[in-house]
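Each remark here refers to the structure printed beneath this line.
Read-outs throughout are calculated quantities, based only on the coordinates presented, and are distinct from any laboratory measurement. Predicted model only: the values in this text are computed from it and were never measured.
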Amino acid sequence: MRRLLPWALVALLGIASGLGAAIEVLSAPQTTPAQWVASVLAATAEAGSAHFTYSSITTSTNPALASRIVGRGLVDFTSGDVRVTEVDTDRQFTTGLLGARLDATPTVNRSQDIDIGRGDYKDLSGPNGVQVWIRFSLPRNPHADLGLSFADNAGGALDSISDGFEYAKSVRNLGSASRSGIPTTRYLVTTASVCGPPRHVTKQPVTEQQGPTTMWLDGQGRLVQVSYSLRIDEVRPPALGPDGSGVARLMKGRAAMTATLRFSDFGTPVHIKAPPLSHAPSSSSHSISIGIRCASSKSG
């Protein structure tokens with residue numbers, strides 16, 4: 001699954017408890033939780049560059065819903081250029097006269113992604129080992145999500161606090177902690193949807209509940225690690241068309257996803273270049289509009 005459901009709506013917490021928690025960490029009364037989060041991202045970007053690793057692990061008693069995504073990369077915060085290598089592992093489906101069935105052996109897919117300016121280069125190398133790149137022109141803000149907004153699943157752990165669909169509602173200091181030998185301070189950030197509280201919609205095939213986000217900051221206020229979790233209920237088969245009905249029946253159940261992003265080696269020089277033209281024979285330009293539209297108040 002790709003950038004698993006970043007539009008998930010979040011259960012709202014009580015206003016009083018949220019404000020009380022926020023006071024514990026905010027240095028000035030006029031600083032809001034959202035401003036605090038923005039200041040952390042700004043302090044991280046001031047490092048100039050970093051290495052990073054990330055993961056998105058989905059577990060479920062239904063193997064059809066389970067998946068594992070891990071990756072690593074480099075980012076130049078100043079230019080917004082980024083390079084990632086990712087490995088995705090999940091179960092694929094085989095369809096035939098007897099309907100759909102889940103493959104017994106997980107499928108492993110490896111990919112590379114290079115983002116420079118508004119150019120997004122995808123490595124479409126096949127099993128024969130021949131490297132083929134395709135370039136997309138996207139409405140990419142090189143500095144959104146610390147440059148990771150289009151870098152495969154690298155920015156998934158930031159979705160809960162910086163994708164525009166949620167905003168930070170409270171921040172609480174959980175005390176000191178260590179990450180890979182680095183002294184950090186751990187914070188718990190609760191968020192709320194810009195569209196308001198989640199509603200029960202009987203016709204919705206998927207329901208989600210997002211948990212709070214945990215952030216680990218070093219002594220300079222930079223983001224060392226961020227992690228959040230999401231609970232998902234596939235309550236009824238989604239509409240996949242006549243050829244996908246068999247697959248839809250296999251996609252029911254509950255799942256839990258945890259996304260984590262960790263930065264290291266702040267300030268280390270990084271060199272990110274576009275693939276040579278000889279390796280990018282195909283170029284595709286797409287006009288994509290990205291925005292937020294809240295669901296109708298009607299429910300069925």
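Within the straight-line cut-off of under 15 Å between alpha carbons, the aspartates and glutamates reachable from LYS273 are ASP76, ASP81, ASP113, ASP115, ASP120, ASP123, sequence neighbours fewer than 8 places apart in one chain being disregarded.
Using equal-weight Cα scatterers in the Debye expression, the normalised intensity of region 49-125 in log10 at q = 0.17, 0.22, 0.28 Å⁻¹ is -0.77, -0.99, -1.24. Close amide-amide hydrogen proximity is noted between ILE272 and no other residue 5 or more places distant or on a separate chain, at a cut-off under 5 Å (H modeled in the peptide plane; Pro and chain starts excluded).
Karplus-based coupling profile of region 80-91, in residue order and whole Hz: x, 6, 8, 9, 10, 10, 10, 10, 10, 10, 7, 9, with θ = phi - 60° in 6.51 cos²θ - 1.76 cosθ + 1.60 and x standing for Gly or Pro. Using 0.36 nm per residue and subtracting the Cα-Cα separation, the extra length available between SER39 and THR207 on full extension is 57.3 nm.
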